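**Student:** The structure follows.
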Amino acid sequence: MAAGANYVKEPDTEDESEAMGEAGHGHGTKAVIAALLANLAVAAAKFGGFLITGSSSMLAESVHSVADSGNQGLLLLGGRRAKKAADDAHPFGYGRERYFWGFVVALVLFTLGSLFAIQEGLQKIGEGHHKLESPEWAIGILAFALVAEGLSFRTAIKEADKLRGQANYWQFIRRAKSPELPVVLLEDFGALIGLVLALAGIAMAVITGDGVWDGYGTLGIGILLGLIAVVLVWEMKSLLIGESASKKDVEAMRAAIEIEPEVIRVIHLRAEHIGPEELLVGAKVEFLHELTVVEVSQTIDRVERNIRANVPWARVIYLEPDVHDEFRATGGYVAEHQGHIGRDDPDYAKITGQHPAINVEDEIWS
């Protein structure tokens, strides 16, 4: 193949790791804004319902929606800060800001949402029998919240469908490199289930005349939010530490290197996400041994263009010319030497390739 030709990616047809393809890349800003607007409206309605009914489920759901609203704000903040240009303190940019704020979101969901709901539920259960005031208001408000959260969840599903490829939603959440959509998907799903639990608790309290069922609904909401928070914390931790590029992206980059006729082989290649749409790529490559330094440099430039054409989010690329151990074992290159060599050294000419009489510096460092 001609130099500079590009490896063409095939459509996604393989299992979950390959099914991701470009999945997980994208900000999901539309879904975040839709969730923010829905949660603000729902939080106000739920809190009004709590003031009217005194339902602990309504109070837990109010705090849940307030926490979710704050979470969407944090995700938008992370997306904005991640766009800052690289500087001396952060030479690879601020892409991981989005992972950090996603991690903060998980902690907020756990502390403000889960722990508060669990504490409130246990308190109501401990108090025993109590009667709800105007439960029809609570039911009406929760029905409105179900509609609003359902619309938000629908938006998140549509945005995720554009990116997830052949992966199912669980695989998308587990493997996505962009934190916003997985967070919104889990939050909205948890909100819908939480509303169902709140409705069930209030309905049972009305049917039995025992408000302790409201406490059980509240406790269920707290446990649900805790489970979602644990999943988010685990996923965000993995992204903060640094996750590798997908198998498909690695194969595409390897092909982009090896397609150059001046390349003998890729000795090894490593690629890690430094942001949802940013990869740091490092590779050791064996080039034709007769190439000059200038020719190696020109080949590296072509290889970098090939890589970025195949994997656009490969932003930072370092390629190191090297030789494979098979050639190294033949001793077919300059012998290694240690320290510094003076012109009066008997092996000076052999090691440096220069005659001692040449007017050069007294010492040449290895």
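The values are calculated or read from the model by the stated rules, or taken from the named source; none is laboratory data. Because the structure is a prediction, the values reported are computed rather than measured. Glycine gets a Cβ as well: all are built from the backbone with ideal geometry, and neighbour counts include every protein chain shown.
**Student:** Considering region 132-169 alone, what residues qualify as being farther than 19 Å from GLY194 by Cα and exposed (fewer than 15 other Cβ atoms within 10 Å of the Cβ)?
**Tutor:** Hits for region 132-169 are GLU133, SER134, LYS158, ASP161, LYS162, ASN168.
**Student:** In region 277-301, how many are of a type in the set (A, V, I, L, M) and part of a strand (DSSP E or B)?
**Tutor:** Counting residues in region 277-301 that are of a type in the set (A, V, I, L, M) and part of a strand (DSSP E or B) gives 5.
**Student:** Go through region 51-72 residue by residue and tally those that are over 16 Å from LEU146 (Cβ atoms) and either touching a residue at least 24 places away in the same chain (Cβ under 8 Å) or buried (at least 24 other Cβ atoms within 10 Å of the Cβ) (or both).
**Tutor:** Qualifying residue count, region 51-72: 12.
Per-residue answers, yes or no, for (1) in the same structural domain as GLU272 (by TED's automatic domain parsing); (2) free of Cβ contacts under 8 Å to residues at least 40 places away in the same chain; (3) of a type in the set (A, V, I, L, M, F, W, C):
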{"position": "LYS162", "(1), (2), (3)": "no, no, no"}
{"position": "ALA167", "(1), (2), (3)": "no, no, yes"}
{"position": "GLN171", "(1), (2), (3)": "no, no, no"}
{"position": "GLY201", "(1), (2), (3)": "no, no, no"}
{"position": "VAL206", "(1), (2), (3)": "no, no, yes"}
{"position": "THR218", "(1), (2), (3)": "no, no, no"}
{"position": "ILE223", "(1), (2), (3)": "no, no, yes"}
{"position": "ILE257", "(1), (2), (3)": "yes, no, yes"}
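**Student:** Please go through region 192-222 and pick out each residue that is outside any helix (DSSP H, G or I) and surrounded by fewer than 24 Cβ atoms within 10 Å (Cβ to Cβ).
**Tutor:** Hits for region 192-222 are GLY209, ASP210.
**Student:** Hey, among ARG302, ARG254, which residue is buried (at least 18 other Cβ atoms within 10 Å of the Cβ) and in contact with a Gly (Cβ under 8 Å, 6 or more places away or on another chain)?
**Tutor:** Just a single option satisfies the conditions, and that option is ARG302.
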